[in-house]
Structure formats: C-alpha cells, structure tokens
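Here the structure comes first, spelled out in structure tokens, and everything after it is commentary.
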C-alpha cells in the first residue's frame, strides 16, 4: 500500500470515527439532558416534563427545535467574529476528549500513549472559548463570568491532573486503555476507586469545578451574573453552549469511569456461575465483548452523571474566593498527599511482597 | 516521514522571523512577550524536527523542548507580573514610555 | 499609584437575583464591592395617596398589596389602627382567627424569604421545597378566605367569615398526606419541614460558608438604621412588638423571641427566620386549641355601613413578617382617611444595603439582599 | 504523499497566517487569540512529526497556560488599551517595517543560516527510517536519570517564578 493510500485511509478513518463520536455525544447529550430534568424534578418533588412523549422523553427535542427556530440575535457593539465562533470553539475540548476514551475492549478512536496529558491539554481550549464568549459579548456580566470561569478552570485543572497522577502511578501508563486493562487484571476490589479513593473524591470535586456545574457554577451564577459568559447568546448558539456543557459532563464522567471504575470492565452473562457458560456461551467473541464492554462503560458513566446531577440539585453555590481557597489550599495539597501515599504504599508492597512478610497485606490494595 | 526536512525547518525559521519582527516593531509590553513566545515556538519546532529526522530514539530533544517550555512559562509569569506592576505604577504598557532611567 | 479601575455594575431592575424590580448600582474592584446603592421606585403604586379617596373598608385590599407576601399582617395592622381610632371591641373568636391567620402568614412569608435566599445562593431545591410548603398554606387560606395570595379577609372589627367546617383538624404525630387541615399542616410542618430545612441548608457546610460572617450588622448600627423584625433580632436585640408592645391578644400566647449573636450576619438572619417559623407554629397551635375548645359564630360586631371615625390620629406598631409595620392614620371625621402613612420595614432595611455591602464580594451582595428579605411592593408602596 | 503535503501545508499556512496576525491585529486580545491558534497549529505539526508528548505539552503549556495568563494580564493591565491601540502617523520606514517585509527577510536569513550550519555540521545528512520512535516512558526515564539535575533546576526555576509572580502582583495590604 502506498503512503498516499495510508494517509487517505487515515483521513477516512478520522472522518468515520469522528462522526461516530459526534453521534455518541449527541445521543448521550439528549439522554443526559432528559435525565437532568427528570432527576431534578424527582429531587424537588415535581414530575418534570410529562407532556412531550412518554415521561417527557421528547421534551428535549421540542426545546431544541424551539431554540433552533429562534432568531439568531447578534447584539450591536459585540466583537462580531469572536461572538459568532465562541460556541464552536467551546465544542473542541468537549468532543476531543472522547478521542482517547476506550468505549470497549477495541473501541477507542485514537489510543494515544499520552491519553491523560492529551485530555488535560485539550481542556485548556474550554478556557479560551469561555474567554472569547465573555469578551466578545462586550457585556460586563459576560466579562466577569468569563474572568471567573478562566480563573476557576485554570486552578482546578491543576488539581484535576494531580488527582489522576495516583492512577497513572498505579497503572504505570498514561494510556487510558492500559489503565483499564490494568484494572481488569485486579478484579473489582482492585479498581482504582478503592486504592485511589482520595484521588477519586478530589477528581469528582475538581471535575465539578471544571465543568462549571453547581456548586461551582460561578461563571454562570444566574443570581449574580444573569447567565455569565453566555448572557448575550440566544437561539441555537445558546443551544450549542448547552450542548457543550452536557457533552463536557459526559466526557468527564466517562473519564472518571475509565480511570477509577474500571471502564468497560464488567461481568458478562457468560460469567454467571453454573448456568452462565451453558446458556450464554454464545455471547462471547470480540463483538460481544465490545457490546458488553460498551454496556458497562455506559452504565458506569451514567452512574457518575447521576451523582453529578444529584450534587447539582442539592448544594448551594460557593463564592469565588471560597472556591479558590478550596482548590488551592485544600484539594491540591490533598491530591499531592495522595500521590505521596500512593508512592509509599506501592513501594511498601514491592518491598514486602518479595519477603513474604504478613505486613504486606496492609499494602495489598496498592499492589 | 517523507516530508523534506526543509519544510518544518523553514516554518520554524519563518515563525522565528515573524516573532522577531513583531518584537522589534511593537511597543506594547504584553505583545512583546507574545512575540517572544512565538520565537520560542519556532525554536522548539526546529529542535523537534532535528530530533525526529536524525535522532528519533534519543530523548534529549524532547527534554530540551520541555525545558524551553518550562522557561517560557516561568518567563511569561514573571514577565506579566512585572508588566502588571509597571501598569500599576506608571499606567502604561508601552515599553518606550517606561523610560525613567533615561536622564 | 494608579489602582485598577472600578467596574460599575447595574443589578436590576430586571435581574434574576433582585427580589422584584429592585435596581442596585454596584461598584466593583475586581470582585469586591466598594459601593452599593439601591435605586427604588419601579413598583410605586401611590398606595398612600390612593387610600385617601377610599373608605376605610376599601383601603383593606390595598394594604394586601403593599407587602403582598404577607397580606394578612398588613390587613391586621390597618384594622387595628381603625379599631383603635374608633374604639371598636373585636370579638374574641375573631381575635384568635386573626392571630392564627397572621402567624400562618408569617410562616408562609418566611418560607418564601428563606427559599428565595436559598435560590439566590444557588440552592434551587430549597426554593422549590419552600414553594411546595407554601402551596399547602395557600390551599388552606383559599378554603378559609377564598383568595390565595391577596385575601381581603379581615374586616374592621372582626373577620369576614368564620372558619369553614372541619378545617381545624386534630393534633397528630408525623406526616399525614391526606390530612388537609390546619393541624395537619402544622404536624407536617413541625415534624417534616423544619428538620428538612436544617438538613438541607442550615447545617450544610457550603451554605454556612456562604452566609456565616457575611455582612455582620452590629446591634447599634441596626438600631441606628431603624432595623426591626428578624433583621434586628438577628443582631442580638431581643425586641419583638408582639412581646414588648403587645397588641391584639398576643399577651395570651406562649412563645420565645429567637435572637442571633451579637453581630448578626446573614446566617443569623437565616436562623432567626427558621426559628421564628417554629415559634409561629407554636402560636398557631395554641390558637387552634382555643378555637377548637370555644366554638361560636360571633366574629364581627355590627357596624354602620360607612365608617366615620372621629377626628384624630392614631399610630399602630405591628410586628409584620419582615419587621415593624407602622400605620399612621389621620382622620378628619369624614368617610375617607385624611392620611394613611405606611411605615414599611423593607424600605428601612433596604437602606442598610450601602452599609452592609461594601467590602464583600459580588456574590455576597445577593446573600445580603436575600437575608434582609425585602419585598419591593412594600419598599415602593 | 500528497495528503501529507496537504496536511503540512494547511498547518503551516495557519501557523504563519496567525503569527502574522499576532503582529498586525489591532486589538491586543485578538492578538492573544491568534497566538493561541498559532500555538495550536504548531502542535499539529508536532503531531505530524510523531511527537505526541510534545504536541500535548505544547497545547497544555502554550495554548492553555500562557495564553490564558496573557489574557488575564491584558484584562488586568488596562481597560483602555484593550479596545483601542494608538494609531500614529507612520513614516515610510515604519510602513516598511509594518508591512511584514522584515519578517520574510529575517526568516529567510535565518533559514539560510541554518541550512549553512546544517551542512557544515556533523549531523548525518540521511534521515533515519521511521522505526523505533520514542515513547513517553523513554522520555520520562531519561528525564529522571540523565537529566535529574536539570529537571530539579527547572522545578526550582518554576517555583521561584511562581513565588516571584505572587509577590510582584500581590496587593500591598497594610
């Protein structure tokens, strides 16, 4: 095969997988938005959307149509080009993250060696998009929201990466599929949720801040800044911001599921003792592995999304200085301590496992 | 990699050139900082090109680039802090107006 | 040394956090407020002037609309003023009904105030919980008065109608969803709602971060600015007109005056309100007991169709939901009041904003507005 | 072959155009955003050079951290100079300088110089085949063995820069 063909193949593959990622993101955006409405209604003793479709399933569609047919208002005195492109730039990080996420044993778009660094890297565009939207709107609320958002996201990105380093230390790889495989070998108790419990909690809090969701939704704090950086947006541009917000949430939950909850690892019907192999023996092979992997991946992701929504509708919003204090003075030291702890424990296991000392069971979780 | 080496090298040189041009013609301190970053980018590009073409198994190139980035980050933070101080004290970001030492 | 330029921000009049159509001008240095000034008058409806062309009975619906979240207490204050002016004796049963309604209204009003403050601080769920419970009070009021929000229920000398059959109910433990009586509500409220508020917000760490130490109001400043009601009590002053200057039949009830710490901050104002709801529930329970034990149908004295109070003036101090409601009534002997002066606590409390806000963050601003719990209908009148 | 040229061409074009716009953009915020675009496309070229690690770091540090820092500095430095930059009457010399001719000249001189150095140096003139690329693991291993001391020095440098920046920008409180 000539090199030209190879490159063409690359482009083709990029196109196809990119489309698939887009479809995945949009489909889950739909479900997540519906879930958020239903769950918030459930928490608040309401019914939530009920009219459009069974259990309001079509409500999101109706709302999107409403937003799409609205007039696309571009206020005067805005920085026109920046104002127009900001929603699309906001897309970049949200969708790029899915490139490295393993959806199943063989379902990953680009299995980079540097998966986690790449995630951290593309997230920085979210800051720029926020800034573009806030500054381009030429509105004080937007600008304040954008400044807050940028400060918040920059601070919490540090914490986020630090909280993940423990996982990287344990798996010995930055590649997400390697991390999943490492967890698969260790069984359910070996999922990094348990040895990296501190890391997981810190990750959860920091990702809330990174996502700008309550209790850290300071940049769009509706009671003080109207709608923060997207105050001036309306119609489908606003819809796109909404989309980005939720796709982002799915992405961060997917990463958390991959890093801490074992990703696509999970039992299949064939694993049921006694009757499993007989009844569901045919459910094996690469295709079925991927199907079940995808199922478990989705299940774990939605579990985390559920928790994120739950948190959002329970807590009040923190203040900007408290947010910064929490990030820099508490979460960052804690995640650094987690790195230290992981190092010590892993070293302890390595040393003691050879000698066969009974003390080694203290370090067993970090093996 | 079948791309002739002149392509990325030339790109790096041009990037450096644009950075230098800007740094010499513009007076806004923040902008000058940006041009310095552009120039460093050109340098990095060259470094990585040579690494990729001739020493693909040697980690020295990427590490050197890493250090360049480290220095760039440090420089940017300190530089911007100094600029902020200048703005606070003198009310301008134009470097040719910050001439207190001139008789 | 040149400082960073201050940013002038305009909150309102159409802004999601200002309660009603309040406009606040805020100067920000970064995120810190250096100057704040409320700009009022967007909801001015000439209540006081309008009253001069109405008969005394016709003024009552207008009083509903001053503090529209606490209508009964306003009606009560106005009726008390007219009754004092004319020397009318109010039937005992009517007094109890009035007090019960006023205290239920206080619960209702505090629920909204607390819920709105929670919403401002980002806790949407708290707001909807408040809404849910307020709805129950509204349903009760609808059965009693026919109106849900603005009742026009009190009459000079009494109330318009007696309580409907079977609305009082019986005391029970715990929550009974089918129990649609006042007792049912009180049981539910005490055993379910109040602990829920404590769990959801009062003991919530983030909520405490947001409110504790924010905008402390020393008692002397509070007194100097004429603060009253929960705002004054949160600053540690044990001052409640129901106890200190008893009116109506409040001297027959047992209840406590909750007070905050020495320097009442937003959290104290919150806690005082929650505590006040508990005390109001106590008063309602006592009133219900009396009403159940003393049935009767004498609820209003026979009065002439057109009331013509004697020449003179009268001032009534009334502990409304948000503070001291003052009614200064001047009569020239005709059928219409010569002057109705309405002293509204919200207007007074709003003047605290420029004192409380500077030095705090922008996000604290909304906590402050929420914690002094203003109703623009009363500020502008 | 063509696909590769096309990719490189597109990336190079974006890089150069955005770098040019950094110099000529009227608003300094626009300049900062163009700079971010330039950094991004350079990272794309790093990807073409199969240096994923450096590409990610390029985005992380340049497009992420430094751009944001510069944007913050712009926001904090002066509101006046964000919107309008002083438009002065230009002399012919200034116009020539502003035209970007200098960029081309300087760039070409550099390119020529580098080609010269390249030919006189002892660098092997034959490109090695694609086999055996660096992994992050190798970079890490080298960084923490051969380059331990420079690594520590760099860390200290960053720490000092951080402390310095904080001290410089912290408002004096009484």
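No lab work stands behind these numbers, since they all come straight from the coordinates. The structure displayed is predicted, hence computed values, not measured ones. All Cβ positions, glycine included, derive from the backbone under ideal geometry; neighbour counts span all protein chains shown.
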Starting from the exponent 0.38 and prefactor 2.2 Å, build the expected Rg for the protein assembly as shown from its residue count and divide its actual Cα Rg by it.
-> 1.13
Using only Cα atoms, figure out Rg for region D:134-174 and give it as a multiple of 2.2 N^0.38 Å.
-> 1.78
Once you sort the root eigenvalues of the Cα gyration tensor of region D:1-84 as a ≥ b ≥ c, which label holds: rounded (a/c under 1.5), prolate (a/b larger than b/c) or oblate (the other case)?
-> oblate
Expressed in Å to one decimal, the Kirkwood Rh of chain C from all distinct alpha-carbon pairs is 21.4 Å
Could you give me the radius of gyration and the Dmax of chain A, taking only the C-alpha atoms into account and expressing both in angstrom?
-> 22.1, 74
Taking the Cα atoms only, what angle lies between the long axis of helix B:6-25 and the longest principal axis of chain B, rounded to 10 degrees?
-> 10 degrees
Cα→Cβ-extended label distance, 7 Å offset, between residue D:160 and residue B:85, nm | 1.5 nm
Within the set A:323, A:84, A:189, GNM on chain A using Cα springs under 10 Å gives the largest fluctuation to A:189
R0 of 45 Å, Cβ-Cβ distance residue C:50-residue C:172: FRET efficiency to nearest 0.05 = 0.50
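Could you work out, residue by residue across A:204-215, how many beta carbons of other chains sit within 10 Å of that residue's beta carbon, and then give the average as an integer? Provide the component values of the computation, followed by the final result.
Numbers: counts 0, 0, 0, 0, 0, 0, 0, 0, 0, 0, 4, 8.
Going residue by residue through A:204-215 and averaging, the value is 1.
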Treat the count of other C-beta atoms within 10 Å as a stand-in for reagent exposure and order C:79, C:46 from fewest to most.
-> C:46, C:79
Per chain B, sqrt(5λ) over the Cα gyration tensor eigenvalues, sorted largest first, in Å, gives 34, 16, 8
Label-point separation in nm, residue A:284 to residue C:32, each point 7 Å along Cα→Cβ = 6.9 nm
Is there a simple number for the mean count of other chain Cβ atoms within 10 Å of the Cβ of residues in B:50-56, and what is it?
-> 6
Label residue D:145 and residue C:39 with points 7 Å out from Cα along Cα→Cβ: what is the distance between them in nm?
-> 7.0 nm
GNM, chain C, Cα, under 10 Å: largest mean-square fluctuation among C:225, C:62, C:192?
-> C:192
Debye sum, Cα scatterers, region C:136-290, no solvent: what log₁₀ I/I(0) at q = 0.13 1/Å?
-> -0.77
If you rank C:120, A:289, C:179 by fewest surrounding Cβ atoms within 10 Å, what's the result?
-> C:179, A:289, C:120
Working from Cα positions, state the angle (0 to 90°, nearest 10) between the long axis of helix C:266-293 and the longest principal axis of chain C.
-> 10 degrees
Please give the peptides A:11-19, D:29-37 ranked by average Cβ packing (other Cβ atoms within 10 Å per residue), highest first, as a rough proxy for protection.
-> D:29-37, A:11-19
Hey, what angle do you get for helix C:124-145 against the long axis of chain C, alpha-carbon based, 0 to 90 degrees rounded to 10?
-> 10 degrees
Averaged over the residues of D:4-15, the number of partner chain Cβ atoms within 10 Å of each residue's own Cβ comes to 4
Quick one: if the Förster radius is 35 Å, what FRET efficiency do residue D:109 and residue A:84 give, using the C-beta to C-beta distance and rounding to 0.05?
-> 0.35
Specify the residue with the greatest mean-square fluctuation among C:148, C:160, C:305, computed from a Gaussian network of chain C linking alpha-carbon atoms under 10 Å apart.
-> C:305
Rounded to the nearest whole number, the Stokes-Einstein translational diffusion coefficient of region A:127-232 at 20 °C and 1.002 mPa s (Kirkwood radius, C-alpha pairs) in µm²/s is 141 µm²/s
14 Å cut-off, amide nitrogen to a point 7 angstrom out along residue C:249 Cα→Cβ, residues in region C:146-180 = C:158-159, C:163
